[in-house]
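Asker: The structure follows.
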Amino acid sequence: MRIPRFPEPAARDTVAVRATPAEAYRVISDPPVLTRLAEEAHSARWLGGTDTASVGARFRGYNRNGLRRWATTCRVTDAAPGRSFAYEVTASPLRIPISRWQYDIEPTEQGCTVTETNWLRVPLWFIPFAILVTGVADRIGANSAHITTTLGRLKAHLESVPAA
């Protein structure tokens, strides 16, 4: 199996949402909230005393797959309210690059579209360790499925919340 390398995306999907770009951004750019909608990531907390998205801010992501659990450290690389949010993931505590996640928001007449994209950045030598830790041999397939699930939950969440 060929593993796409950065800058070629490994997985991507888009969903149309009946919510404003600002409403979508509020959820997407708040990892402790977004992880409630995710499949593998189950919680997150901001690091370094911050509690809002800004370029350079860091957060710890807590992930699970069955009985397996692992944590990552993430650094925000893009934080444009109503337009985009992105972060890079490293394996804790070794600081090995793992991936990049990006959310792009485009306004539409009915609300907006949200595109979630993932790039794999993990070094080839680290892949066997990643499989052992996560229990996921097909990372591209898993991330693709997780993106679809997360975007579906995001849509349901945003469309069930009364407009602000």
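The values are calculated or read from the model by the stated rules, or taken from the named source; none is laboratory data. On a predicted model such as this, the values are computed, not experimentally measured, just so you know. Don't worry about glycine lacking a Cβ; one is built from the backbone with ideal geometry, like all the others, and counts go over all protein chains shown. The accessibility values were calculated without ligands, DNA or RNA, using every heavy atom of the protein model including side chains. Shrake-Rupley method; radii C 1.70, N 1.55, O 1.52, S 1.80 Å.
Asker: Nearest 10 degrees, 0 to 90: what angle lies between the long axis of helix 139-160 and the longest principal axis of the chain (Cα atoms)?
Answerer: Computed tilt is about 20 degrees.
Asker: Shifting gears a bit: Leaving out ligands, DNA and RNA, and with a 1.4 Å probe, what % of the accessible surface on the chain is carbon or sulfur?
Answerer: Of the solvent-accessible surface of the chain, carbon and sulfur hold 56 percent.
Asker: Sticking with this structure for a sec: Rounded to a whole number of µm²/s, how large is the Stokes-Einstein D of the stretch 19-84 at 20 °C and 1.002 mPa s, given Rh as the Kirkwood radius over C-alpha pairs?
Answerer: For these conditions, the coefficient is 173 µm²/s.
Asker: What percentages make up the Cα-Cα pair-distance distribution of the stretch 61-164 when the bins are 10 Å wide from 0?
Answerer: 12, 41, 31, 13, 2
Asker: Next up: Please check: in the Gaussian network model of the chain (C-alpha springs, under 10 Å), which one of PRO32, PRO93, PRO21 has the largest mean-square fluctuation.
Answerer: For the chain, modelled as a Gaussian network with Cα springs under 10 Å, the answer is PRO93.
Asker: If you put +1 on each Lys and Arg Cβ and -1 on each Asp and Glu Cβ, how big is the dipole of the chain around its Cα centre, in Debye rounded to 20?
Answerer: 640
Asker: Another question, then. Quote the relative contact order of the chain in percent (integer), defining contacts as alpha-carbon pairs under 8 Å separated by 6+ residues.
Answerer: Averaging sequence separation for qualifying contacts and normalising by length gives 29 percent for the chain.
Asker: Between THR148 and ILE127, what is 0.36 nm times their sequence separation minus the Cα-Cα distance? Round to one decimal in nm.
Answerer: Extra length from THR148 to ILE127 when fully extended: 5.2 nm.
Asker: With Rg and the Kirkwood Rh both taken from Cα atoms, where does Rg over Rh land for the stretch 1-143?
Answerer: Taking Rg over the Kirkwood Rh, I get 0.96.
Asker: Hey, in the GNM for the chain with a 10 angstrom Cα cutoff, which one of PHE85, PHE59, PHE129 fluctuates hardest?
Answerer: PHE129
Asker: Then there is this: What is the sum of charges around PHE59, taking Lys and Arg as +1, Asp and Glu as -1, for the other residues whose C-beta is under 9 Å from the C-beta of PHE59?
Answerer: Counting the neighbours of PHE59, the net charge comes to +4.
Asker: Separate question: Once the dipole of the stretch 55-164 is set up with Lys and Arg at +1 and Asp and Glu at -1 on Cβ about the Cα centre, which of GLY61, TRP119, PRO81 lies farthest towards its positive end?
Answerer: So the residue we want is GLY61.
Asker: Continuing with this model, one more query. Amide H to amide H under 5 Å from SER43: which residues, 5+ apart in sequence or cross-chain, H placed 1.01 Å off N in plane?
Answerer: Here the answer is TYR62, since their amide H atoms fall under 5 Å of that of SER43.
Asker: Which is the longest part of the chain that has none of the trypsin sites (Lys or Arg not before Pro) sitting in a DSSP loop with at most 11 other Cβ atoms within 10 Å?
Answerer: No qualifying site falls inside 3-94, the longest such stretch.
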